[in-house]
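Peer 1: Handing you this structure, nothing more for now.
The values are calculated or read from the model by the stated rules, or taken from the named source; none is laboratory data. If you're wondering where the values come from, they're calculated on a predicted model, not measured in any experiment. Glycine also receives a Cβ, built like all others from the backbone with ideal geometry; neighbour counts cover every protein chain displayed. The area values use the complete protein model at the heavy-atom level, side chains included, leaving out ligands, DNA and RNA. Shrake-Rupley method; radii C 1.70, N 1.55, O 1.52, S 1.80 Å.
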Amino acid sequence: MLHDVTLISTIAIGFVLAFAFGYAAQRFRLPPLVGYALAGIVIGPFTPGFVADPAITGQLAEIGVMLLMFGVGLHFSLADLMAVRRIAVPGAILQIALATLLGIALTHFWGWSLGAGLVLGLSLSVASTVVLLKALEERNAVSTPNGRVAVGWLIVEDLAMVLALVLLPAFAPALGGHVPDDGHGSAHASLLANLGDTAIKVSAFVLIVLFFGPRVMPWLLRQVARTGSRELFTLCVLAVALGIAFGSAKLFDVSFALGAFFAGVVLSESDLSHRAAENSLPLQDAFAVLFFVSVGVLFDPSILINQPGHVAAVVALIILGKALIALGIVAALGYPLHTGLIAAASLAQIGEFSFILAGLGLSYQLLPVEGLSLVLAGALLSITLNPLAFACIDRLDPWLASLGGPRWKALYSEGRGGRFARFQTELETARRLAAEKAAEHKTFSPDELVRQFPLFSSLTAEQRDVLLLHFETRRAQPGEHVIRTGDHADSVYFICSGEVEVIPPRRKDKIKLGAGAFFGEMALLDGGTRSADVIALDYSKFLTLSRRDFLRFLKRYPTLRDPIVALARERGAMNRKFLEDTAEPAAPVTSG
Ligand code: CMP
């Protein structure tokens, strides 16, 4: 070949094989994740044939992690977490602690150091959100109370792991690891100094991002949305995700994962966040696939032959140990055993965070290479067996529910003191509030927009998509003055629902406008002040466009400008005529 194409061949062969194996896995009713990792094993150094460059796959994986964490941040909802906090927070923390202890005990038995045991234990203690969401989606159980407990539980685990990732470098020297010297002598500093240093840097980073982020990011997104270029908008989202992740790693020494997570949290504050999520999703998917491929590349299958006992112990810890711990915790907290069973099956696997943590442990020389291979083997096997865990609880559930007397039945499906009922009510409230909030911010899809406003049918779907980025929603109550005659004009209103009454000066008859109509365009077009009062007759919801965006859109899309300008002229003429003929009785007016 004429020039070096290692990166291209790694990505191309990685994608082709990941697709083939992922598809095959799906056909065998296994998560595609397993297929991606198998593709990685095939192009890894331990199997014959094409060998991918591990340095390149490692970096691609890192981008995958950044984008995954960005996605976690983007979907992070404090309200959801609060609704399940009583079970998810103590559950996740206790479970991590107990599973880590179990890992330490196991490796102690193998003669490993405490540091190695801690990293392995932590890696095995955390389940994969990606795998769980896929499992729940397949069972249509994401929004059931038990599904939400499992998801909340995993979010707390993810957050705990983000913390672990941040703290590991600080603790590494004390645990016997080796932190590469960054030239500031931090590798040789004491644990306390390391911790203090990390705490200051992380706090500074979190404060800066949380303080400036919500002020700057939504503004930036809006400015970019104004350019009307979808590709610039996507680029902006990616620049924010990767820029904050990389910048924070350089400036504050925090992990890429933490930086990307906060970039997501910051963008989730913006009302354009759902667009940001949609736009970044394809890239996130693609790089997440490469992440799983790179896991396979690192995996040495010979461990299955050389150390079957170790592999079996790790898999038993993940599937049986963690499931029993989860079940025990849920029961001890007084929640129904039925919920415990779902949590047990949900948590009986490990995934992305385990690899990241084990990889970090390896780079600090805390975890032996064998440890990473064990984590990889444990992940591959537990993810593959996870559907089986769910199938088992499906079998067990009716049998357990039918056992014993009424006391057992209550304990099994309602928990102690009707905890489940209370918890269900809380979830319902959270769901209702979330639904109300979502309805408030709901805009349309490009197609719905045309259904609601035939005016926009002359635009292409992409133009409508861009237009949707610019709308803001406003509401009015019956009797509320939306516009007053003579006021300075700032925006145009498109009525989504409800009804308004337009009252030009000195006119007594009513001009009613309903859903699908618009008003407030006249002053924007002629540069004057408002020509009439507009009062809401019903609870009404509007999509509004600012003066600047409205004028810009009209300039850009003449097919939109002509009907709007024509209607404004017609309305103006109608009002002038009325003023001239005030002596005559007003004719009934129909307008849209
Ligand atoms: P504007 O002048 O910006 O603010 C008041 C709005 O009321 C005006 O734009 C029109 O959108 C609307 N309006 C004024 N006169 C009429 C009319 N005769 N029929 C329907 N709508 C009108």
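Peer 1: When residues of region 539-568 are filtered for being more than 11 Å from the ligand (Cβ to nearest atom) and farther than 23 Å from ARG226 by Cα, how many remain?
Peer 2: Just the residues of region 539-568 that are more than 11 Å from the ligand (Cβ to nearest atom), to begin with: 539-546, 548-549, 551-563, 565-566.
Subsequent filtering for residues that are farther than 23 Å from ARG226 by Cα retains 539-540, 566.
Within region 539-568, residues that are more than 11 Å from the ligand (Cβ to nearest atom) and farther than 23 Å from ARG226 by Cα number 3.
Peer 1: Still on this structure, please answer the following. Here are some conditions: (1) open to solvent by less than 40 Å² (accessible area, probe 1.4 Å); (2) at pLDDT 80 or above; (3) touching an Asp or Glu at 6+ places or on another chain (Cβ under 9 Å). ARG86 meets all but one. Which one does it not meet?
Peer 2: It fails just one condition, (1).
Peer 1: Collect the residues in region 495-514 that are hydrophobic (A, V, I, L, M, F, W, C) and in contact with a Pro (Cβ under 9 Å, 6 or more places away or on another chain), keeping them in residue-number order.
Peer 2: Residues of region 495-514 hydrophobic (A, V, I, L, M, F, W, C): 495-496, 500, 502-503, 511, 513.
The one that is hydrophobic (A, V, I, L, M, F, W, C) and in contact with a Pro (Cβ under 9 Å, 6 or more places away or on another chain): ILE511.
Peer 1: Being touching a Pro at 6+ places or on another chain (Cβ under 8 Å), under 30 Å from GLU436 (Cβ atoms) and within 14 Å of the ligand (Cβ to nearest atom) narrows it down to one residue among ALA517, ALA536; which is it? Don't jump to the end; show me each part of the working.
Peer 2: Working: ALA517 fails: touching a Pro at 6+ places or on another chain (Cβ under 8 Å).
Result of the check over ALA517, ALA536: ALA536.
Peer 1: What pairs can you find where one residue is in region 14-26 and in contact (Cβ under 8 Å) with a residue 24 or more places away in the chain and part of a helix (DSSP H, G or I), the other is hydrophobic (A, V, I, L, M, F, W, C) and open to solvent by 40 Å² or more (accessible area, probe 1.4 Å), and their Cβ atoms are less than 8 Å apart, with a gap of 6+ or different chains?
Peer 2: LEU17/VAL42
Peer 1: Can we say THR529 is within 13 Å of the ligand (Cβ to nearest atom), open to solvent by 60 Å² or more (accessible area, probe 1.4 Å) and either under 19 Å from SER457 (Cα atoms) or not hydrophobic (A, V, I, L, M, F, W, C) (or both)?
Peer 2: Numbers: within 13 Å of the ligand (Cβ to nearest atom): yes; open to solvent by 60 Å² or more (accessible area, probe 1.4 Å): yes; either under 19 Å from SER457 (Cα atoms) or not hydrophobic (A, V, I, L, M, F, W, C) (or both): yes.
Yes, satisfied.
Peer 1: So PHE211 ticks every box in (1) open to solvent by 20 Å² or more (accessible area, probe 1.4 Å); (2) over 16 Å from HIS470 (Cα atoms); (3) touching a residue at least 24 places away in the same chain (Cβ under 8 Å) but one. Which box is left unticked?
Peer 2: With (1) open to solvent by 20 Å² or more (accessible area, probe 1.4 Å); (2) over 16 Å from HIS470 (Cα atoms); (3) touching a residue at least 24 places away in the same chain (Cβ under 8 Å) applied to PHE211, the lone miss is (3).
Peer 1: Does LEU304 fit the bill of being in contact (Cβ under 8 Å) with a residue 60 or more places away in the chain, open to solvent by 30 Å² or more (accessible area, probe 1.4 Å) and not in a loop (DSSP other than H, G, I, E, B)? Steps first, answer last, please.
Peer 2: Values: in contact (Cβ under 8 Å) with a residue 60 or more places away in the chain: yes; open to solvent by 30 Å² or more (accessible area, probe 1.4 Å): yes; not in a loop (DSSP other than H, G, I, E, B): yes.
Spelling it out, LEU304 is indeed in contact (Cβ under 8 Å) with a residue 60 or more places away in the chain, open to solvent by 30 Å² or more (accessible area, probe 1.4 Å) and not in a loop (DSSP other than H, G, I, E, B).
Peer 1: State whether the residues of region 533-550 include one that is open to solvent by 50 Å² or more (accessible area, probe 1.4 Å) and within 12 Å of ASP490 (Cα to Cα). Even if it seems obvious, please write down each step before you answer.
Peer 2: Applying the first criterion (open to solvent by 50 Å² or more (accessible area, probe 1.4 Å)) to region 533-550 yields 537-539, 547-548.
If we keep only those that are within 12 Å of ASP490 (Cα to Cα) too, we end up with 547-548.
So far as region 533-550 goes, yes, one or more of its residues are open to solvent by 50 Å² or more (accessible area, probe 1.4 Å) and within 12 Å of ASP490 (Cα to Cα).
Listed here are the residues, each with its yes/no results for (1) assigned to a helix (DSSP H, G or I); (2) within 30 Å of THR429 (Cβ to Cβ).
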position	(1), (2)
ILE8	yes, no
ILE11	yes, no
ARG29	no, no
ALA39	yes, no
PRO48	no, no
ILE63	yes, no
LEU67	yes, no
PHE70	yes, yes
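Peer 1: A further question on this structure: Return yes when ILE104 is assigned to a helix (DSSP H, G or I), closer than 24 Å to ALA323 by Cβ and without any contact (Cβ under 8 Å) to a residue 60 or more places away in the chain and no when it is not.
Peer 2: Numbers: assigned to a helix (DSSP H, G or I): yes; closer than 24 Å to ALA323 by Cβ: yes; without any contact (Cβ under 8 Å) to a residue 60 or more places away in the chain: yes.
Taking the combined requirement at face value, the residue satisfies it.
Peer 1: If you don't mind, there's one more thing I want to ask. Looking only at region 362-396, which residues are surrounded by 18 or more Cβ atoms within 10 Å (Cβ to Cβ) and not in a helix (DSSP H, G or I)?
Peer 2: TYR364, LEU366, LEU367
Peer 1: Working only within region 50-60, note down all residues that are open to solvent by 30 Å² or more (accessible area, probe 1.4 Å) and part of a helix (DSSP H, G or I).
Peer 2: If the condition is that a residue be open to solvent by 30 Å² or more (accessible area, probe 1.4 Å) and part of a helix (DSSP H, G or I), then PRO54, ALA55, ILE56, GLY58, GLN59 are the ones that fit.
Peer 1: Going through PHE494, PHE471 one at a time, which residue ends up being aromatic (Phe, Trp, Tyr), farther than 21 Å from ARG569 by Cα, open to solvent by less than 30 Å² (accessible area, probe 1.4 Å) and in contact with a strand residue (DSSP E or B) (Cβ under 6 Å, 6 or more places away or on another chain)?
Peer 2: Going through PHE494, PHE471 in turn, just one is aromatic (Phe, Trp, Tyr), farther than 21 Å from ARG569 by Cα, open to solvent by less than 30 Å² (accessible area, probe 1.4 Å) and in contact with a strand residue (DSSP E or B) (Cβ under 6 Å, 6 or more places away or on another chain): PHE471.
Peer 1: Let me ask another. Identify, by number, the condition in (1) open to solvent by 40 Å² or more (accessible area, probe 1.4 Å); (2) part of a helix (DSSP H, G or I); (3) touching a strand residue (DSSP E or B) at 6+ places or on another chain (Cβ under 8 Å) that PHE553 doesn't meet.
Peer 2: For PHE553, the exception is condition (1).
Peer 1: Yes or no: region 459-482 includes at least one residue that is touching a Phe, Trp or Tyr at 6+ places or on another chain (Cβ under 6 Å) and within 16 Å of the ligand (Cβ to nearest atom).
Peer 2: yes
Peer 1: So which of GLY309, GLY264, GLY247 ends up being of a type outside the set (Val, Ile, Thr) and more than 28 Å from the chain's Cα centre (by Cα)?
Peer 2: Values: GLY264 fails: more than 28 Å from the chain's Cα centre (by Cα); GLY247 fails: more than 28 Å from the chain's Cα centre (by Cα).
One residue alone meets the criteria, GLY309.
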